[in-house]
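Here is the structure we will look at.
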Amino acid sequence: ALAAANEDRLTLSQIWLRRAATVAPSPAALAQTQQDYAGLRSLNPWRTDIQLSFSPSSNVNGGSNDIYNVIDGLPFVGVLSGDARALSGVTATADVRLSYRLAETSQARTEIAGRFYSRQVFLSDAARALAPDSENGDFAATFFEVGVGHKRALGDTIVMADFDIGANWSGGDLSTPFARLSFAGSVPIAAQWTGSAGIALEQRWQGNSGQIGDVVQTLNAGLAYQLDGGAQIAGTVELRDTQSDSGNLRNTATSLQLTYVPGEQIGPAEMVFTLGASVTDYPDYAIILPVPGGRQDVTQFASAEFAFVDFDYAGFAPVVTLGAQRSDSNVSRFDRSAFSIRFGFRSTF
């Protein structure tokens with residue numbers, strides 16, 4: 001590791017330090033290795049974060065709980081195809097982030113960054129029986145973006161600005177190229193209290209034609225409180241408005257999320273608990289006929305993450321996340337629920 005660092009091969013040196021952590025002869029030696037790694041990370045303009053996980057789920061496609069599509073206020077009932085119903089299986093995800101620091105001072109940092117995300121689905125035998133014409137790739141999703149960001153300290157206030165371009169693929173087909181401009185900031189507002197806020201504007205294009213598509217505006221605000229003993233509780237509210245030429249895509253959404261992080265490790269694991277809800281309104285939604293009053297979806301979700309840091313290897317600890325989600329809608333096609341358990345890894349230093 002030292003030889004690589006002396007040759008300014010900082011990323012290679014970090015790899016060697018992770019290997020050294022696996023054979024550290026004592027806790028003191030491990031702590032020194034972690035300190036050396038942190039020092040190299042601050043010097044290295046390149047940063048790479050990789051998250052791999054797989055997750056058995058009762059609903060890998062976001063399908064409906066019911067076989068019928070009932071619309072409040074309309075007299076007819078539809079029958080859903082197999083691929084529109086909840087299908088069980090396993091999802092595998094890869095999330096890779098790469099950034100390069102262009103400039104840095106004691107007050108500011110500018111960097112370019114890219115992200116690649118891929119979600120692959122493997123249907124269960126029961127799902128294949130329910131939707132025999134569906135293939136795993138029909139439910140795959142891919143996301144890619146690249147952009148430039150600037151972060152600056154103005155006294156105790158931290159402000160950030162980012163510009164990103166990217167695209168989404170669904171089922172292997174290009175769906176929505178986009179460009180996004182966002183601003184965010186955080187500031188201590190009282191003892192143990194921190195406030196945050198952000199705003200973003202995103203322009204999307206239609207993947208098939210390249211024509212201008214939806215415009216998404218997002219506003220969020222958050223508040224975090226540091227409890228005695230190191231625990232933290234945080235809340236975030238987000239407002240999102242999507243303008244589209246399609247009435248079925250035009251919507252407004254409000255969401256609330258609460259997060260609790262215990263101040264100390266519990267047994268072999270560090271934990272994070274999340275609880276939230278959202279309400280989404282589609283005022284112009286139609287299925288042959290306009291839905292009376294539009295479509296409204298109400299979603300509740302919760303998760304519990306357990307990072308088993310006592311069982312790390314080379315600075316990577318196994319992570320298990322339990323998740324549950326339920327949506328209720330006046331269009332029963334969107335009544336859905338999902339339960340999942342995700343297995344992955346995260347860096348401990």
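What follows draws every value from the coordinates through simple rules; no lab data is involved. Computed from a prediction, not measured in an experiment: that's the story for all the values here. Cβ coordinates were reconstructed from backbone atoms using ideal geometry, including for glycine residues, and neighbour counts include every protein chain displayed.
Sort out for me the Cα centre separation of the stretch 274-327 from the stretch 151-209, rounded to whole Å. Spelled out, the Cα-based centre of one part sits 20 Å from the other. The label-point distance for R41 and S244, in a model that sets each label 7 Å from Cα toward Cβ, rounds to 3.9 nm. Rg and Dmax of the stretch 196-238, based on Cα coordinates, read 17.6, 55 Å.
Treating r as the C-beta distance of F163 and D66 and R0 as 25 Å, the FRET efficiency rounds to 0.05.
Each label was represented as a point 7 Å from its Cα along the Cα-to-Cβ direction; for D138 and L181 these points are 4.1 nm apart.
GNM on the chain, alpha-carbon springs under 10 angstrom: the most fluctuating residue among D214, D95, D49 is D49.
Fully extending the segment from V96 to R128 would add 8.5 nm, taking 0.36 nm per residue of separation and subtracting the current Cα-Cα distance.
For the stretch 48-181, the Cβ-based charge dipole about the Cα centre amounts to some 440 debye (Lys, Arg positive; Asp, Glu negative; other atoms uncharged). What the Cα convex hull of the chain gives, in volume per residue, is 172 Å³. Note on the chain: with charges restricted to the Cβ of Lys and Arg (+1) and Asp and Glu (-1), its dipole about the Cα centre is near 540 debye.
Label positions at N208 and Y313, each projected 7 Å from the Cα along the C-beta direction, are separated by 4.7 nm.
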